[in-house]
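**Q** Following this message is one structure expressed as structure tokens.
The values are calculated or read from the model by the stated rules, or taken from the named source; none is laboratory data. The structure presented is a predicted model; accordingly, all values stated were derived computationally and were not measured. Every residue, glycine among them, receives a Cβ derived from its backbone with ideal geometry; neighbour counts consider all protein chains shown.
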Amino acid sequence: MTASEMTAKPENACRLRVGTSGYSYAEWTEAGFYPPGMSAARMLPHYAGIFGITELNYTWYQMPKAESIERMRRLVGPEFSFAAKLTRTMTHEVDPDDWPSQVLRYRDGIAPLIQSGQLAAVLIQLPPFFIRSKKNRYYLSTLLDRLDALPLAVEFRHPSWAVDRVFEELSRRRITLVGVDAPSLDRSFPPLDVVTNPDFFYIRFHGRNGAGWRTGHMQKQFDHDYTEAELQEWISPRIAPMARRAETGLLFFNNHVRAQAPRNAQTLIRLLAKAGLIVEDHHEKKHREII
């Protein structure tokens, strides 16, 4: 069964969860999202007073440890959820002899989130140089096998993966294809509304700073403030149809440089609700506009 053949259901049955990619940024204090002088240790509880989910970026840079994840989990309520990036030693800097042991370490590290039911997804972010070759297809297939039973979402950066055969295999495995909003450049993965997993779909908003993207400098790549018109381009044409094909939708903003991410996430929540979609807001009484 292909992704397009999945049984559709009313879009108002899907619950949308909106957050940001990472939450611990010093510049967010300068921009006014965090109160002056707030320590890094208090940022997550403050963030959790506004959003109900976050995407953990640090787990890409370093292997998660169960003790640290447990401490983090205890800073928020049991209804708060985490998406966790797979560590780069399994996506970008792969040792062909050691990566299976990395998978075991990663599983151990995120175990507290699995046990508490707070793991929304494991994000497998693949690099632009990971083309659809025989070698890479075999590696990805084996990696997915080793990560079996986890809620997996795969983000491709190379357009060679944007083919029906890939979507059909992800559907067969019940693994989510990540939708991306990013600068429209040559050899970039296109923005798609393909749903390969009825459990959840996943969208990442990276920003549209094409000039900055080409520099490879993070502070320039993700420096973009979405307009309402740009966000509307996703709601009716893509998000609403995707909501008819999945139980949950996870949407994250990665344009973190000047705290655009939380501001844009808050705007998207408002626009989604206005469009009649169900947006999770378990902190509705604390709800407030930011920046």
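**Q** Return the residue satisfying two criteria in turn: it lies in region 159-187 and is more than 18 Å from the chain's Cα centre (by Cα) and part of a loop (DSSP other than H, G, I, E, B), and of such residues it is surrounded by the fewest Cβ atoms within 10 Å (Cβ to Cβ).
**A** Per the criteria, the residue is 186.
**Q** Also, I was wondering about something else. Is it the case that residue 194 is modelled with pLDDT of 95 or more, assigned to a loop (DSSP other than H, G, I, E, B) and crowded, with 17+ Cβ neighbours inside 10 Å? Write out each step before concluding.
**A** On the way: modelled with pLDDT of 95 or more: yes; assigned to a loop (DSSP other than H, G, I, E, B): yes; crowded, with 17+ Cβ neighbours inside 10 Å: yes.
Yes, satisfied.
A quick yes/no check of all residues on (1) under 22 Å from residue 53 (Cα atoms); (2) at pLDDT 95 or above; (3) crowded, with 22+ Cβ neighbours inside 10 Å:
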| position | (1), (2), (3) |
| --- | --- |
| 205 | yes, yes, yes |
| 210 | no, no, no |
| 227 | no, yes, no |
| 247 | yes, yes, no |
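**Q** When only residues in region 166-187 that are polar (S, T, N, Q) and without any contact (Cβ under 8 Å) to a residue 60 or more places away in the chain count, which is nearest to residue 18 (Cα to Cα)?
**A** Kept after step one, since they are polar (S, T, N, Q), are these residues of region 166-187: 171, 176, 184.
Right, trim to without any contact (Cβ under 8 Å) to a residue 60 or more places away in the chain and you get 176, 184.
Values: 176: 17, 184: 23 Å.
Result: 176.
**Q** OK, next. Under the condition of being of a type in the set (A, V, I, L, M, F, W, C) and more than 21 Å from residue 180 (Cβ to Cβ), which residue from region 14-41 is surrounded by the most Cβ atoms within 10 Å (Cβ to Cβ)? Talk me through it step by step, then tell me what you get.
**A** We begin by selecting, within region 14-41, every residue of a type in the set (A, V, I, L, M, F, W, C); these are 14, 16, 18, 26, 28, 31, 33, 38, 40-41.
So of that shortlist, the ones also more than 21 Å from residue 180 (Cβ to Cβ) come out as 26, 28, 31, 33, 38, 40-41.
Working: 26: 10, 28: 26, 31: 17, 33: 22, 38: 14, 40: 12, 41: 11.
Looking at residues that are of a type in the set (A, V, I, L, M, F, W, C) and more than 21 Å from residue 180 (Cβ to Cβ), I get 28.
**Q** Here's another thing I want to ask about it. State whether the residues of region 32-41 include one that is out of contact with any Leu (no Cβ under 6 Å at 6 or more places or on another chain) and part of a helix (DSSP H, G or I).
**A** Looking for residues that are out of contact with any Leu (no Cβ under 6 Å at 6 or more places or on another chain) and part of a helix (DSSP H, G or I), one finds at least one in region 32-41, hence yes.
**Q** Next up: Scan region 42-62 for residues that are part of a loop (DSSP other than H, G, I, E, B) and either surrounded by 15 or more Cβ atoms within 10 Å (Cβ to Cβ) or in contact with a His (Cβ under 7 Å, 6 or more places away or on another chain) (or both) and jot them down.
**A** 49, 50, 51, 52, 57
**Q** How about region 69-93: which of its residues are assigned to a helix (DSSP H, G or I), under 25 Å from residue 49 (Cβ atoms) and touching a residue at least 40 places away in the same chain (Cβ under 8 Å)? Full working, then the answer.
**A** Step one: list which residues in region 69-93 are assigned to a helix (DSSP H, G or I), which gives 69-74, 88-90.
The next check asks that each one be under 25 Å from residue 49 (Cβ atoms); those that pass are 69-74.
Within region 69-93, 69, 70, 73 qualify.
**Q** Here is a further query. Please find, among 100, 96, the residue that is in a helix (DSSP H, G or I) and not basic (Lys, Arg).
**A** That would be 100, the only listed residue that is in a helix (DSSP H, G or I) and not basic (Lys, Arg).
**Q** Among (1) more than 17 Å from the chain's Cα centre (by Cα); (2) assigned to a loop (DSSP other than H, G, I, E, B), which single condition is residue 135 missing?
**A** (2)
**Q** Which one of these does residue 121 not meet: (1) part of a helix (DSSP H, G or I); (2) out of contact with any helix residue (DSSP H, G or I) (no Cβ under 9 Å at 6 or more places or on another chain); (3) surrounded by 18 or more Cβ atoms within 10 Å (Cβ to Cβ)?
**A** For residue 121, the exception is condition (1).
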